[in-house]
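The values are calculated or read from the model by the stated rules, or taken from the named source; none is laboratory data. What you are looking at is a predicted structure, and each value in this text was computed from that prediction instead of being measured. Positions of Cβ are backbone-derived with ideal geometry, glycine not excepted, and every protein chain shown enters the neighbour counts.
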Amino acid sequence: MPEKMKAIRKVEAGPGAEMVEVDIPLIGEEEVLIRVKATSICGTDAHIYEWTDWAAGRIHPPQTYGHEFCGQIVEVGRRVKGFQVGDYVSCDSHIPCGHCYQCRVGQPHICANLQILGVDRDGSFAQYLAVSTRSLVKNPAEIPPEVASVQDPLGNAVYATLVTNVAGKTMAIFGMGPTGLFAVGVARATGATTIYAIGHHPYRLDIARQMGADVCLNSQEVDVRQAILNATRGLGVDVVMDMAGSPPAINDGLAAVRKGGEFVAFGIPSRPFKLDYADGIVFKGLTLYGINGRMLFETWYQMGRLLASGRLDISPVITHKLPWGEYEEGFRLMTARPKRCGKVVLFVSEQD
């Protein structure tokens, strides 16, 4: 095995990224070394690439991007059990410590000492990646790399959708980024009746239709809350999922959910904002779910069964598959307005 590898890194504070040569990481006793096959670009990666205020306060260059990937194990640590060289794997981007209160009571997805690949440590935009087995998952051989590499955000959608029983219920999903689009597919596969998809990029609303949305609403063209109330005879929908995190979407969602309904909060607002807490939540008797990451590992098993069943087809969301040498084009697609892409997957080469 060579001693050096290529990696896409934030080499210094500021916009952009560079492909550079670095040392192949050494593994610890409970870690494995993975030869990365495919890695997808997340919205978080786009924030790091653009060097937003969040990125400037969180990322400490030099650091390798990326946390959504699949690959093959090429080396195992001395104390590793259950995995071996040759295994086809993916990894939950959340790496729990295993010993804090949350980890010990069965909530490792919200570990008090949580590390995130590509954010708190070097990530998957590299030819090789060292990870702990605490977050490792074996992939069935029949799952193609482009699908295996996006299970992390797909898991967000599975957790957010299945945190409640959506079978037979009406739903409104706000935010048609890739995770919101995945959520439409999960809701359709698990028995939701009428699904309203709300966004403002026509390209992605078209993908939402392919994923099973019954009604697509462009928030820049219609009064979303009134449209949903009119369609439900003033009742509102049973479940609202906020996958956007924008204040207008959250307030529209609270207005569009029925009394006694459920509100799933996944999107992250970029700033504090005002909402009508009393009338929007308390007096409506809402059940509110906060979603962070994926349940380790219940969500991964649910996701695997949905994919294997054929009821969930995520291929419409994966719109671009590029060689990783074209990462600049991948980031251009992810950051361009209006949106003309879904999920962008980079295939990692041993030569480049």
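Enumerate the pairs (first residue in segment 264-285 and in contact (Cβ under 8 Å) with a residue 12 or more places away in the chain; second residue anywhere and surrounded by 11 or more Cβ atoms within 10 Å (Cβ to Cβ) and among the charged types (D, E, K, R)) with beta-carbon separation below 9 Å, excluding pairs fewer than 6 apart on the same chain, so at least 6 apart or on different chains.
Final answer for the pair search is V264/D242; A265/D242; F266/D242; G267/D242; K284/R258.
From the set of residues in segment 273-306 that are under 20 Å from P140 (Cα atoms) and of a type in the set (K, R), which is farthest from the chain's Cα centre (by Cα)?
R305
Being aliphatic (A, V, I, L, M), part of a loop (DSSP other than H, G, I, E, B), assigned by TED's automatic domain parsing to the domain that holds K259 and touching a helix residue (DSSP H, G or I) at 6+ places or on another chain (Cβ under 6 Å) narrows it down to one of A244, A213, A208, so name that one.
When all the criteria are applied, what remains is A213.
With a cut-off of at least 2 residues that are within 22 Å of the chain's Cα centre (by Cα), name the strands (runs of 3 or more DSSP E) lying wholly within segment 4-123.
Those strands (runs of 3 or more DSSP E) span 4-10, 31-41, 68-76, 88-91.
Could you count how many residues in segment 158-186 are outside any loop (DSSP other than H, G, I, E, B) and in contact (Cβ under 8 Å) with a residue 40 or more places away in the chain?
17
If you go through segment 135-145 one residue at a time, do you hit one that is among the hydroxyl-bearing types (S, T, Y) and modelled with pLDDT of 95 or more?
no
From the set of residues in segment 267-288 that are outside any loop (DSSP other than H, G, I, E, B) and touching a helix residue (DSSP H, G or I) at 6+ places or on another chain (Cβ under 8 Å), which is nearest to L154 (Cα to Cα)?
Out of the qualifying residues, it is L288.
Among the residues of segment 162-187, how many are over 20 Å from T287 (Cα atoms) and surrounded by fewer than 20 Cβ atoms within 10 Å (Cβ to Cβ)?
Residues flagged as over 20 Å from T287 (Cα atoms) and surrounded by fewer than 20 Cβ atoms within 10 Å (Cβ to Cβ) within segment 162-187 amount to 0.
For segment 320-343, what are the residues that are within 20 Å of the chain's Cα centre (by Cα) and assigned to a strand (DSSP E or B)?
H320, K321, L322, K343
Let me spell it out: the conditions are (1) on the phi < 0 side of the Ramachandran plot; (2) not in a strand (DSSP E or B), and L129 meets all of them except one. Which number is the exception?
(2)
Taking R79 as meeting all but one of (1) without any contact (Cβ under 8 Å) to a residue 60 or more places away in the chain; (2) closer than 18 Å to E31 by Cα; (3) in contact with a Gly (Cβ under 7 Å, 6 or more places away or on another chain), write down the number of the exception.
With respect to (1) without any contact (Cβ under 8 Å) to a residue 60 or more places away in the chain; (2) closer than 18 Å to E31 by Cα; (3) in contact with a Gly (Cβ under 7 Å, 6 or more places away or on another chain), R79 is out only on (3).
With respect to D313, is the statement that it is of a type outside the set (K, R) and either modelled with pLDDT of 95 or more or not in a loop (DSSP other than H, G, I, E, B) (or both) true?
Yes; evaluated as a whole, the condition is true for this residue.
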